[in-house]
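In what follows, a single structure is set out as structure tokens and then discussed.
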Amino acid sequence: MSELLLIRHGETEWSRSGQHTSWTDLPLTERGEEQAREVGPLLTGRTVALTLVSPMARARRTAELAGLARAEVDPDLVEWDYGAYEGVRTADIHRTRPEWFLFTDGVPAGPEGHPGESPEQVGARADRVLARLAPRLAADDGDVVLVGHAHFLRVLTARRLGLPASAGALFTFETGAVGVLGTEHDRPAVVAWNTRTP
């Protein structure tokens, strides 16, 4: 079976500072652009049958700089809607909610159009993506690449492995890194994680 490659976008100002970033469409930093270019060599020798990318500029630019020129935009690949916590760091949230944990608690509603998402809602989005990709992966005619955001791709990884959405907490994902999900004995497995060019 083909492998599923996950690419987190390169660094932005907010990913560097630890601010939650979903709909705020920040560009890559200079370092983020370097990270995106460094993804390209990690794809050498692979046949890529399909590339899907989040509609956010930081993900689209990462795909472009990685050499994934024919990426198709998929709205389901957007980051977790952080609602009222958009632009806020976890340390700042903990000042008023010391026990808060994104992967179990979700977020409160934010401004109009950004109601926030629960782990289950993000998991449902990930399940939709995986269901659409299943026939393509089974066709075994090349790998499928997803270019997106850390928290969403962590939840998608958990769901691919048959775990609850909250288990996305087990997979940290650095900017400009690649994760590879394949199979072992016909069961989904992590083949590589947080891979970057040395």
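Amide H contacts of residue 191 (H built 1.01 Å from N, in plane; Pro and chain starts excluded): 180, 181, 182 sit under 5 Å, all sequence-distant by 5 or more or on other chains.
Among residues other than residue 33 whose Cβ falls under 12 Å from its Cβ, what is the net charge (Lys/Arg +1, Asp/Glu -1)?
So the environment of residue 33 carries a net charge of -1.
Its alpha carbons considered, the range 100-181 gives a radius of gyration followed by a Dmax of 13.7, 43 Å. Per residue, the accessible area of the range 122-198 comes to 43 Å², computed with a 1.4 Å probe over protein heavy atoms only.
Checking a compactness column here: for the range 25-127, what do you get for Rg(Cα) / (2.2 N^0.38 Å), N being the number of residues?
After normalising by residue count via 2.2 N^0.38 Å, the value is 1.29.
When peptides 60-72, 38-50, 186-198 are ranked by their average number of other Cβ atoms within 10 Å per residue, the highest-first order is 60-72, 38-50, 186-198. To put it simply, the accessible area of the chain at a 1.4 Å probe is 51 percent carbon and sulfur. With the Kirkwood sum run over all distinct C-alpha pairs, the chain has a hydrodynamic radius of 16.8 Å. The equivalent ellipsoid that matches the C-alpha gyration tensor of the range 139-179 spans semi-axes of 19, 15, 7 angstrom, in descending order. So what's the net charge close to residue 55: Lys and Arg +1, Asp and Glu -1, counting the other residues with Cβ under 11 Å from its Cβ? Here the charged neighbours net out to -3.
The values are calculated or read from the model by the stated rules, or taken from the named source; none is laboratory data. Just so it is clear, the model here is predicted, and its values are computed rather than measured. In this analysis, Cβ positions are derived from the backbone assuming ideal geometry, glycine residues included, and neighbour counts consider all displayed protein chains. Side chains are part of the model used for accessible areas, which takes the heavy atoms of the whole protein and leaves out ligands, DNA and RNA. Shrake-Rupley method; radii C 1.70, N 1.55, O 1.52, S 1.80 Å.
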